[in-house]
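Enquirer: Quick one: this structure, given as structure tokens, is what I'll be asking you about.
The values are calculated or read from the model by the stated rules, or taken from the named source; none is laboratory data. This structure is a prediction, so every number in the text was calculated from the model and none was measured. Ideal geometry is used to build each Cβ from the backbone, glycine not excepted, and the neighbour counts take in all protein chains shown.
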Amino acid sequence: MMQKPDGADGLVTINPLTDSELLASAAEQDTLAFEQLYARYSPTIYSLIKKIVSDKESAEKILVEVFLIFWKRIEDFNKENLFTGLVLLTRNKTLDYMKRKHGNTILPEYEDNYERYNIIPNLSNKINPLKLQNALKIKYEIGEMIKGLTDAQRYVLSLFYFDGLDENEISQKLKIPLPTVRSKLQVATDILLEKTRTLESYNG
């Protein structure tokens, strides 16, 4: 959006469109608006994929597929939770891709309904949106929080959140009792939650 400021002939100020404005335009098949959303979020989304996928070729392929799904189902995304929705979509798609690639998990055929109910995130309007600038702002602090966990706690969290294993699968993989898995997840989550509250209080 171009706007000419008062008393400044010949000068213009560029006001970047908000996510809500771009999302509304993209939903009307405005490809330029979608390209702006891609430019805004693809670097962060690619970084998230690379935390789960090691090889560049797979990461780039997943990035393309994530934004193809986003374009195809853009009306399913809440304008107030866009970044959160893209992050969850990326996680779901990446884990599904890796499981299918390695073939160590039997999954249903990937078709329209499967994508809608297993890949597309279901976000409530009541969820507080995770804004991109806030996520980038606390990126370092989150890294420091995770460093404060024990090796066992970090590993269990990684298996649960990034490898997509459930509690039973983690128990079988690590050959430890299910209550132990639940305890480690709970303790690690409580620690991160408390550190997050402290950080929010400090930044607020």
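Enquirer: Could you list, in sequence order, all residues of the stretch 53-102 that are out of contact with any helix residue (DSSP H, G or I) (no Cβ under 6 Å at 6 or more places or on another chain), within 19 Å of L22 (Cβ to Cβ) and not in a helix (DSSP H, G or I)?
Expert: If the condition is that a residue be out of contact with any helix residue (DSSP H, G or I) (no Cβ under 6 Å at 6 or more places or on another chain), within 19 Å of L22 (Cβ to Cβ) and not in a helix (DSSP H, G or I), then R73, N78 are the ones that fit.
Enquirer: Just give me the residues in the stretch 103-134 being assigned to a loop (DSSP other than H, G, I, E, B), exposed (fewer than 11 other Cβ atoms within 10 Å of the Cβ) and either out of contact with any helix residue (DSSP H, G or I) (no Cβ under 7 Å at 6 or more places or on another chain) or modelled with pLDDT under 65 (or both), in sequence order. So that I can check it myself, show each step before the final result.
Expert: The first filter runs over the stretch 103-134 and keeps only residues assigned to a loop (DSSP other than H, G, I, E, B), leaving 103-111, 120-131.
Those still in the list that are exposed (fewer than 11 other Cβ atoms within 10 Å of the Cβ) too: 103-104, 106, 108-109, 111, 122, 124-126, 128.
Within the stretch 103-134, G103, N104, I106, E109, E111, N122, S124, N125, K126, N128 qualify.
Enquirer: Next question. Checking K175 against (1) surrounded by 14 or more Cβ atoms within 10 Å (Cβ to Cβ); (2) charged (D, E, K, R); (3) at pLDDT 80 or above, which test does it fail?
Expert: The failed condition is (1).
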